[in-house]
């Protein structure tokens, strides 16, 4: 139904950059390759196929690594089928990426993956001569543990407190049994709460590190959809990127290309990320730290380790797994090791990808199509009934609090608050005065104009005072609407950025995930209301 959708451009939570990208503004077209429309995928397929036709070794390495990573995953037949398809030159991927947030983090984790799965299905229907595999790229090499160590269950925060260092994917799951005990106490007693606990246990209590735990959890949620989950923190995969990593160390290619892009970056858009001179980290089990070149010597930030140019190139050849791309280089690494057509991400991700087109061109790597992930609001039938009783639309709740309460006050007030008729009447009264003024001194006309503005302004002030008075009188009604808004938009932010999937799973089970799959179309660039 059209009433269940609104363009992202109409919703205040989306940036001007994303709105302009979705509107395909001319001044942004140099920052991407092809806009994500279904008919544009054919050219993208042919270009990526040409790029990969002389590199069969890349498909072999990719499938070998993935098969190894899936060895201990139960019920993996559908995923393994897709992994085997990756050997075929007619198979391509659609990719999304996400941090290893505790128990998947906010709801949009699901939306990213479902967008990816649904796009592959749509492409398969449209281009049956090719195969399309959905990829979830786990951000296992990130080292900012504070960003991922918690999730929100309702208005409660579940936190994994511990020290950390190095890439989070290698981090031990020790101590997560205590987190589970806290979480168990928050869960309701719905039929599916037991399944939530079992999923947490299966992921975190039966796997040694966060990468393996996250793979198990994501696989359990999407094992019937052919999702392939990739941990790119792998020596074999990084060996494929050695030429690009070496050029980065020697020529600082990404810094030069992205800096050129940012020189002409429109001032009204925030620069999402600034490049370093070298956009690689040095990664060990103990730390992940910047590589800094100074006076011809490569230093590991805050460590005593250093390399000559010859030594660091030899280190790269011998141990590519110790070189970890940062946010600037990671997209290139992804597109080098995957036969990828499209990257699906949130607004912040799209913003930094738009900085990278010139860098990709300089490396002769096909720039993927960039698709903003689906966004949705999950609403229960009871919540919709409350909305209707308040004489409001669900879209009214996207407004700021004061706008929402003003709207409701205008709707339910027994007193007319709108003084538009009075203002119009006043203007007509002043028309006679203007006729008189035109026959006399110009200073009198100025006085009439000033008096008109003063009285119009006075009416506007009275209108605001009356609105405030009515808000006080209707306080009970307004408190109800704000309480409902807080349920739908915790902390006045999108629900998908706050609540964890378990909040809905414990009541509805996997059916609520199926409901999302049924209701969102990745190429329909509109916000979606999903009724549970």
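Every read-out reported here was derived from the displayed coordinates using simple, explicitly stated rules and does not represent laboratory data. Since this is a predicted model, take the numbers as computed values, not measurements. Methodologically, a virtual Cβ is constructed for each residue, glycine included, from the backbone with ideal geometry; neighbour enumeration extends over all protein chains shown.
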Problem - On Cα atoms only, tilt of 442-473 relative to the major axis of the chain in degrees - result: 70
Fill in the blank from the handout: Helix 401-412 sits off the longest principal axis of the Cα atoms of the chain, rounded to the nearest 10 on a 0 to 90 degree scale, by 40
Fill in the blank from the handout: Ranked on Cβ counts within 10 Å of their own Cβ, fewest leading, 411, 454 go 454, 411
Practice task
Among 324, 55, 443, rank each residue by its count of other Cβ atoms within 10 Å, from fewest to most, as a rough exposure measure.
Solution key: 443, 55, 324
Practice task
Treating the angle as unsigned and between 0 and 90°, give the value, to the nearest 10°, between the Cα long axis of helix 108-126 and the longest Cα principal axis of the chain.
Solution key: 80
Handout entry: 280, 80 arranged by Cβ crowding within 10 Å, fewest neighbours leading
Key = 80, 280
Practice task
Take every DSSP beta bridge with both residues inside the chain and express the antiparallel ones as a percent of the total, to the nearest 5.
Solution key: 45
Practice task
Restricting things to alpha carbons, find the Rg to Rh ratio for the chain using the Kirkwood radius for Rh.
Solution key: 1.07
Exercise for the section: If a/c stays under 1.5 just call it rounded; otherwise compare a/b with b/c (prolate if a/b is bigger, oblate if not). Do that for the range 286-355, with a ≥ b ≥ c from the square roots of the Cα gyration tensor eigenvalues. Expected result: prolate
